[in-house]
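*Asks:* Next up is a structure, given as structure tokens.
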Amino acid sequence: MTCRTTVTLMTSTLMMLSVMLSTSALAADQETAGWKSLFNGKDLSGWHNFGRKSVRPGWQIKEGALTCVDPHNAGDLCTDEQFDWFELQLDYNISPGGNSGIMYHVSDQGRAAWATGPEFQLEDNKAASDPTRCGWLYALYQPPIDPATGKPLDATKPAGQWNHIRLLITPEKCLHEINGVKYFEYVLDSNDFKQRVAKSKFSKMPLFAKSHRGYITLQGDHGKVAFRNIRVRPIKVEK
């Protein structure tokens, strides 16, 4: 074996290890700070479909990512663990024209995940048909107008590229970020929040945003999408 071949193989191996570590492992300082991984990069441990104990075959592990490969047989995927106040960070990669979402405080009491859990919208802003764009709180909040474009702020990368999400949910404020860019803040149970819900389609859903504890849920019935580096930091709140 030549030296060049050996170097190539070593480089390839290191790249593979880097991908594996980036998708599942937590650094020591992250664990110390209270972060926990929700996805091990290998299997679907810790997840179940909404309304089921198992996971439908439309969700698979592809190249170390939690992937909706068949939205016709995937459905909404929920964490086994429930959370109240937390910070969630993850990377997502959506297909051209794709549409997905991240819901929180999802309860089994609802007839569907979106009937109880507010949704951080994910989509391909260029080709998706839904007018609610990526990063918006579905039907409730959207970012301000970007003076450079005259359109709502959009920090997403194109379909097929990885984007980073930060979602903070606390009693004092909730925050949406994409790729390090802050979109907006809101407060659950505030008068403003309640008024927006009352004017939306969620006004007909009596359980919507009523629970302050529930599953973190990934939407899997509108298009192909992949997730990696799914990490959560529970936040303790004094009562």
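*Asks:* Quick one: what are the phi-derived ³J(HN,Hα) couplings along segment 226-239, Karplus 6.51/-1.76/1.60 with θ = phi - 60°, whole Hz, x for glycine and proline?
*Replies:* Karplus values, whole Hz, x for Gly and Pro: 10, 10, 8, 6, 7, 9, 10, 10, x, 10, 7, 10, 5, 9.
*Asks:* Keeping all protein chains in position, work out how much accessible area residue 237 exposes to a 1.4 Å probe, and write it in Å² to the nearest 10.
*Replies:* Its heavy atoms expose roughly 50 Å² to the probe.
*Asks:* Continuing with the same structure: So what J values fall out for segment 123-129 if you push phi through Karplus, 6.51 cos²θ - 1.76 cosθ + 1.60 with θ = phi - 60°, rounded to Hz, Gly and Pro as x?
*Replies:* Taking θ as phi minus 60°, the curve returns 6, 7, 5, 7, 10, 5, 8 Hz for segment 123-129.
*Asks:* Protein chains only, probe 1.4 Å: how do 216, 235 rank by accessible area, largest first?
*Replies:* Working: 216 5, 235 35 Å².
The most accessible residue leads, giving 235, 216.
*Asks:* Expected output is a single nm value to one decimal: the length gained when fully extending between residue 237 and residue 149, i.e. 0.36 nm times separation in residues minus the C-alpha distance. What is it? Each step should come with its number before you reach the end.
*Replies:* Working: separation 88, 0.36 × 88 = 31.68 nm, distance 3.93 nm.
Result: 27.8 nm gained on full extension.
*Asks:* Right, next: How big is the Rg/Rh ratio for segment 34-148, C-alpha atoms only, Rh by Kirkwood, two decimals?
*Replies:* Rg/Rh for segment 34-148 comes to 0.96.
*Asks:* Towards the positive end of the charge dipole of segment 170-239, with charges on Cβ (+1 Lys, Arg; -1 Asp, Glu), say which of 183, 217, 237 has the farthest Cα.
*Replies:* Going by the charge dipole, the pick is 217.
*Asks:* Which longest run of the chain has no exposed loop site in it, a site being GluC sites (Glu not before Pro) in a DSSP loop with at most 12 other beta carbons within 10 Å, and the site itself not part of the run?
*Replies:* 64-171
*Asks:* Here's a follow-up. Which of 157/224; 157/182; 126/157; 182/204 have a Cα-Cα distance over 20 Å?
*Replies:* Numbers: 157/224 16 Å; 157/182 15 Å; 126/157 10 Å; 182/204 30 Å.
Where the Cα-Cα span goes over 20 Å, the pairs concerned are 182/204.
*Asks:* While we're here: P(r) of the chain in 5 Å steps, Cα pairs, percent per bin?
*Replies:* Percent of Cα pairs in each bin: 1, 6, 13, 18, 19, 17, 12, 6, 3, 2, 1, 1, 0, 0, 0.
*Asks:* Just to check I understand the Karplus step: with θ = phi - 60° and J = 6.51 cos²θ - 1.76 cosθ + 1.60, what whole-Hz values come out for segment 156-169, glycine and proline as x?
*Replies:* Coupling constants for segment 156-169: 6, 8, x, 3, x, 10, 7, 10, 10, 10, 10, 10, 10, 10 Hz.
*Asks:* Here's another thing I want to ask about it. Determine the shape class of segment 114-201: with a ≥ b ≥ c the square roots of the Cα gyration tensor eigenvalues, call it rounded for a/c under 1.5, and otherwise prolate if a/b is greater than b/c, oblate otherwise.
*Replies:* Working: a/c = 1.64, a/b = 1.52, b/c = 1.08.
Prolate, because a/c is 1.5 or more and a/b exceeds b/c.
*Asks:* Oh, and also: Suppose only helical runs count, i.e. DSSP H with n ≥ 4. What mean residue ellipticity at 222 nm does that imply for the chain under -39500 (n - 2.57) per run, divided by all residues and rounded to the nearest 500 deg cm²/dmol?
*Replies:* Result for the chain, helices only: -4500 deg cm²/dmol.
*Asks:* While we're here: Enumerate the amide H contacts of residue 123 below 5 Å, restricted to partners 5 or more residues apart or on another chain; note that Pro and chain-start residues carry no placed amide H.
*Replies:* Amide H neighbours of residue 123: 100, 134, 135.
*Asks:* Shifting gears a bit: Amide H to amide H under 5 Å from residue 38: which residues, 5+ apart in sequence or cross-chain, H placed 1.01 Å off N in plane?
*Replies:* Amide H to amide H, under 5 Å and 5 or more residues apart or across chains, residue 38 pairs with 230, 231, 232.
*Asks:* Here is the link list: 151/201; 173/210; 199/236. Which ones come out longer than 27 Å on Cα distance? Show your work: numbers first, answer last.
*Replies:* Details: 151/201 24 Å; 173/210 16 Å; 199/236 32 Å.
Beyond 27 Å: 199/236.
*Asks:* Under a Cβ-Cβ cut-off of 13 Å, what is the net charge of the residues other than residue 61 that fall near it, where Lys and Arg count +1 and Asp and Glu count -1? Provide the component values of the computation, followed by the final result.
*Replies:* On the way: positive: 42, 62, 228; negative: 43, 63.
Summing Lys/Arg as +1 and Asp/Glu as -1 gives +1.
*Asks:* If I stretch the segment between residue 70 and residue 126 completely, what's the gain in nm (0.36 nm per residue apart, minus their alpha carbon distance), one decimal? Don't skip to the answer; put the middle values down first.
*Replies:* Working: separation 56, 0.36 × 56 = 20.16 nm, distance 2.14 nm.
Result: 18.0 nm gained on full extension.
The values are calculated or read from the model by the stated rules, or taken from the named source; none is laboratory data. Being a predicted model, the structure only gives us computed values, none of them experimental. Glycine gets a Cβ as well: all are built from the backbone with ideal geometry, and neighbour counts include every protein chain shown. To get the accessible areas, we keep the full protein, side chains included, count just its heavy atoms, and leave off ligands, DNA and RNA. Shrake-Rupley method; radii C 1.70, N 1.55, O 1.52, S 1.80 Å.
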